[in-house]
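Peer 1: Got a structure for you, written out below as structure tokens; questions coming shortly.
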Amino acid sequence: MATTTVRPNQREHILDVALRLMSEHGSAKTSMRMLASECGLNVAAIYHYFESKDALLAAVIDERRYEARLAEIPDIPPELPPGDRLRLIYRTVWQGALAEEAVWRLLLGEGIRRETAALPVGRSLLEVFGPGLTSWIRSAIPEIAEPGAVADLVVGQLFAGFVHHIFDPSMDLAEIERRGGEALHRALFSDRT
């Protein structure tokens with residue numbers, strides 16, 4: 001039986017381990033007992049912080065603070081041509097997603113398996129992500145008449161990039177990023193800059 005070790009940031013440690021386990025095994029196959037063992041705690045310590053596995057999964061995503069992070073519009077030089085500004089936005093989104101790859105793998109896998117706990121969490125993330133990205137586009141590329149539609153295209157390209165990354169892990173991540181940005185540029189600005 002694991003013993004409880006008190007750490008000043010125990011909750012964050014539990015969330016980090018939970019994210020790793022859930023992204024590797026899925027939330028259904030990650031038991032609270034498994035999590036406790038990996039954390040060096042007893043199960044009661046996990047339940048002290050999270051009332052259920054569903055609450056744990058929601059906290060794993062909530063603690064990433066996507067809403068606050070998306071509220072911070074990246075610094076995109078306005079003197080660049082619109083297509084280059086779009087590429088920079090896509091680059092920022094792609095690199096941010098790669099930095100959070102475990103979260104994306106977890107949610108995509110859970111969504112594909114239709115895990116009931118993950119579906120509202122994934123929907124909430126999309127509800128934050130779409131409007132946040134739309135704000136970035138509206139601010140950085142005012143020439144775009146429909147920033148929401150372009151945000152949808154960026155999200156679609158992001159998912160396409162992940163599909164390439166998952167099914168061809170030998171593919172260079174910078175090349176996936178370049179292709180995604182270039183596809184967006186060609187689709188929206190092929191007759192411009």
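Peer 1: For the range 158-193, give me each residue that is farther than 22 Å from Leu108 by Cα and β-branched (Val, Ile, Thr).
Peer 2: Matches in the range 158-193: Thr193 only.
Peer 1: Among residues belonging to the range 44-55 that are closer than 14 Å to Pro120 by Cβ and without any contact (Cβ under 8 Å) to a residue 40 or more places away in the chain, point out the one that is surrounded by the fewest Cβ atoms within 10 Å (Cβ to Cβ).
Peer 2: Of everything passing the filter in the range 44-55, Ser52 is surrounded by the fewest Cβ atoms within 10 Å (Cβ to Cβ).
Peer 1: Sticking with this one: Given the condition charged (D, E, K, R), surrounded by fewer than 15 Cβ atoms within 10 Å (Cβ to Cβ), within 15 Å of the chain's Cα centre (by Cα) and under 20 Å from Asp54 (Cα atoms), answer yes or no: does some residue in the range 104-117 qualify?
Peer 2: No - not one qualifying residue is present in the range 104-117.
Peer 1: Also, I was wondering about something else. Identify, from the list Asp84, Asp75, the residue that is of a type in the set (Asp, Glu) and under 16 Å from Leu188 (Cα atoms).
Peer 2: So the residue among Asp84, Asp75 that is of a type in the set (Asp, Glu) and under 16 Å from Leu188 (Cα atoms) is Asp84.
Peer 1: Here's a follow-up. Of the conditions (1) free of Cβ contacts under 8 Å to residues at least 12 places away in the same chain; (2) in contact with a helix residue (DSSP H, G or I) (Cβ under 6 Å, 6 or more places away or on another chain); (3) closer than 26 Å to Val154 by Cβ, Arg33 satisfies every one except a single condition; which number is it?
Peer 2: Of (1) free of Cβ contacts under 8 Å to residues at least 12 places away in the same chain; (2) in contact with a helix residue (DSSP H, G or I) (Cβ under 6 Å, 6 or more places away or on another chain); (3) closer than 26 Å to Val154 by Cβ, only one is false for Arg33: (3).
Peer 1: Scan the range 69-91 for residues that are under 21 Å from Ala174 (Cα atoms), under 17 Å from the mean Cα position of the chain (by Cα) and either buried (at least 18 other Cβ atoms within 10 Å of the Cβ) or at pLDDT below 80 (or both) and jot them down.
Peer 2: Matches in the range 69-91: Ile89, Tyr90.
Peer 1: Restricting to the range 142-193, give me the number of residues that are in a helix (DSSP H, G or I), closer than 19 Å to Ile76 by Cβ and modelled with pLDDT under 90.
Peer 2: Matching residues across the range 142-193 total 1.
Peer 1: When only residues in the range 8-24 that are of a type outside the set (A, V, I, L, M) and assigned to a helix (DSSP H, G or I) count, which is farthest from Leu98 (Cα to Cα)?
Peer 2: Result: Gln10.
The values are calculated or read from the model by the stated rules, or taken from the named source; none is laboratory data. These numbers come from a predicted model, not from an experiment. Because the Cβ atoms are built from the backbone with ideal geometry, glycine has one as well, and the counts that use them run over all protein chains shown.
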